Amino acid sequence: MAATHARGSSTSAVTGAVDTWAGSGSGAVDTRAGSGLGSGSGAGTGESVVRSSPGRGRALRLGVLLPLFVLALLPAAFASGGNRRWFGGRGESQRAEAQAAKDDAAAAFYELDTAQRDLRISIETITAVDDSPGARHAVDGFAALGQRIDEVSHAYITAVDAHDLDRDELDGATANRARTELTRAKDELVRVKGELDRFAQGLGPLLDTAETRLARLAPAVERARQALRSASAALDTARDAGLRADDLAARLAALGPELTRLNEGAGRHGVTETLQRADRVLRDAEAVRTEAERLPERAAETSKRLVSLRTRAEALTTRAGAVEPVLSELRRRFSAACWQDLQFVPAQAADSVRKAEEKLTEAAKARDEQRWPDATSLLATARALLNSTDEAVSAAGDRLRRLDAVAKDPQHEIDRARFTVRDAQRLAMTGRNTPDPRHARPLDDAVARLDRAIGTLEGRHPDYWHFLTELEAVRATAARVVEQIREERGAGHHSG
């Protein structure tokens with residue numbers, strides 16, 4: 001701009017000089033003419049000179065104008081470029097090198113800025129879902145890198161602002177200095193960019209985990225919302241069928257605040273908490289939906305179980321009445337040790353049936369009031385009472401049958417016990433010259449116990465029930481030894 005302004009001034013000066021000269025030239029001609037006319041004797045001569053020689057006048061003017069024009073342009077030429085050469089040369093080459101260094105530095109600055117922006121997004125992704133020590137360490141590392149980026153960016157901007165490479169007066173030394181500083185700034189930018197890239201590579205596992213969790217976020221929230229809608233629809237269907245389902249309605253209403261928080265989003269509550277809430281809402285809503293869909297079936301099943309248990313209670317009442325004759329037979333034929341633990345069965349059976357019927361009455365009331373959990377619990381209690389009663393009533397008849405059998409043929413039970421012990425002894429001796437004491441000792445004890453049990457059969461009124469229980473214990477001992485041997489040999493086979 002300064003050179004243009006100088007050239008414009010010089011041109012104006014030349015124009016003014018020409019105009020001034022032309023004015024003075026005319027004056028000079030006019031003076032000569034006037035002079036000639038004033039002398040009287042030369043008037044005709046002067047007029048003849050001016051009019052008869054116009055070519056000579058023009059030549060004279062050009063001869064004077066050209067030198068003046070050139071002289072006017074010279075100061076502008078020297079002022080516009082300093083040492084800058086008009087037609088290229090070393091000065092322009094140095095300017096071009098400095099400009100190239102500036103362009104390279106600008107490219108490096110842009111690449112570093114882009115990489116920092118991308119990495120910032122990655123850090124924000126990680127911190128949105130992860131508050132582990134590894135994530136906090138990544139945040140600290142990114143902050144430290146940010147400080148180094150600020151330092152090299154400041155050095156680059158300072159170098160750019162310090163040198164105007166478009167200035168016409170730029171000399172070679174300044175251009176070289178600009179190139180050196182810009183090259184140094186570019187190298188620093190590239191170095192820090194390398195640190196940034198290596199840091200970004202180290203974030204791979206954390207970023208993968210964070211992106212996976214973020215990818216889960218929207219589907220998880222949508223599934224939770226859909227589960228709530230499905231639960232509400234199932235509840236409406238149950239109500240249309242005449243089922244109140246108040247407990248299910250209360251559970252569904254309790255999920256309302258959770259839905260509000262889901263709608264507020266992860267930006268307010270955090271990704272981790274939102275994912276956990278979505279999973280919890282999904283699980284609870286699915287449970288409500290499932291129970292609401294099963295409610296008609298559950299009501300029908302409750303009524304069916306109620307009828308079945310009432311029928312069973314009536315049957316047990318009848319069977320319990322038959323226990324007393326069984327006990328009379330036991331008392332008449334066998335010693336007291338064979339039946340004394342059964343003598344309270346009739347009373348216990350009657351009491352258990354009575355309690356079961358009370359629970360069934362309460363269950364029917366709960367069913368009518370559609371308190372399904374209470375009805376289910378009461379039915380389970382009644383069923384347990386009837387099961388225990390059934391076992392007690394059955395035990396009396398089973399005792400009489402077993403005692404009759406052993407009284408007729410005790411040898412059958414003895415043979416069963418001996419066969420079981422001998423089978424265990426053969427297994428213990430397989431592949432051995434002498435048995436392992438851990439196996440031989442309990443088997444020897446079982447043989448001795450069997451002999452003692454056989455000895456109790458002597459006498460007028462033997463305790464057959466004691467005899468049977470002893471032989472059951474002998475068979476159990478032999479079975480435990482067999483199981484132990486097989487486990488040990490199996491373990492040795494696998495280890496070998």
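The values are calculated or read from the model by the stated rules, or taken from the named source; none is laboratory data. No experiment lies behind these values; they were computed from the predicted model shown. Positions of Cβ are backbone-derived with ideal geometry, glycine not excepted, and every protein chain shown enters the neighbour counts. Note: accessible area is taken over every heavy atom of the protein model, side chains too, but ligands, DNA and RNA are not part of it. Shrake-Rupley method; radii C 1.70, N 1.55, O 1.52, S 1.80 Å.
I'd like the FRET efficiency for Arg441 and Thr381, computed as 1/(1 + (r/R0)^6) with the beta carbon distance as r and R0 of 60 Å, rounded to 0.05.
0.80
Along the range 392-397, what does the Karplus equation 6.51 cos²θ - 1.76 cosθ + 1.60 (θ = phi - 60°) give for ³J(HN,Hα), rounded to whole Hz, x for Gly and Pro?
Along the range 392-397, the couplings run 5, 5, 5, 4, 5, x Hz.
What nm value, rounded to one decimal, do you get for the distance between Arg432 and Ala215 when each label is placed 7 Å out toward the C-beta?
Between Arg432 and Ala215, the simple spin-label model gives 6.0 nm.
So what's the range 393-446 giving for Cα Rg divided by 2.2 N^0.38 Å, two decimals?
Dividing the Cα radius of gyration by 2.2 N^0.38 Å gives 1.65.
Let's test the formula: R0 of 45 Å, r as the Cβ-Cβ distance of Ala479 and Arg331. What FRET efficiency results, to the nearest 0.05? Display every interim value, and only then the final one.
Values: r = 34 Å, r/R0 = 0.75.
Here the calculated transfer efficiency is 0.85.
Work out how much length Arg261 to Arg294 would gain on full extension: take 0.36 nm times their residue separation and subtract the Cα-Cα distance, in nm to one decimal.
9.0 nm
Expressed in whole Å with the largest first, what are the equivalent ellipsoid semi-axes of the range 97-218 derived from the C-alpha gyration tensor as the square root of 5 times each eigenvalue?
The answer is 39, 12, 10 Å, longest axis first.
For the range 191-313, what is the accessible area per residue in Å² when the probe is 1.4 Å?
55
How do Phe419, Phe199 stack up against each other in accessible area, from largest to smallest, with a 1.4 angstrom probe?
These residues rank, largest area first, as Phe419, Phe199.
Could you work out the pair-distance distribution P(r) of the range 161-219 from its alpha-carbon pairs, with 5 angstrom bin width and percents rounded to whole numbers?
Calculated over all Cα pairs of the range 161-219, the distribution is 4, 15, 13, 11, 9, 8, 8, 7, 7, 7, 6, 4, 1, 0 percent.
How long is the gain from Arg416 to Glu151 if the chain were fully straight, where each residue apart is worth 0.36 nm and the alpha carbon distance is subtracted?
85.9 nm
Among the aspartates and glutamates, select those whose C-alpha is under 16 Å from the C-alpha of Lys193, and discard any that sit fewer than 8 residues away in the same chain.
Asp104, Glu111, Asp113, Asp118, Asp150, Glu151
Enumerate the calculated ³J(HN,Hα) couplings along the range 214-227 in order (Karplus 6.51 cos²θ - 1.76 cosθ + 1.60, θ = phi - 60°), each rounded to whole Hz, writing x wherever the residue is Gly or Pro.
5, 5, 6, 4, 4, x, 5, 5, 5, 4, 5, 4, 5, 5
Roughly to the nearest percent, how much of the accessible area of the range 393-496 is carbon and sulfur, given a 1.4 Å probe?
Carbon with sulfur: 50 percent of the solvent-accessible area.
Estimate the FRET efficiency between Glu362 and Thr318 by the formula 1/(1 + (r/R0)^6), using the beta-carbon distance for r and 25 Å for R0, to the nearest 0.05.
Step by step, r from the Cβ atoms, then E = 0.60.
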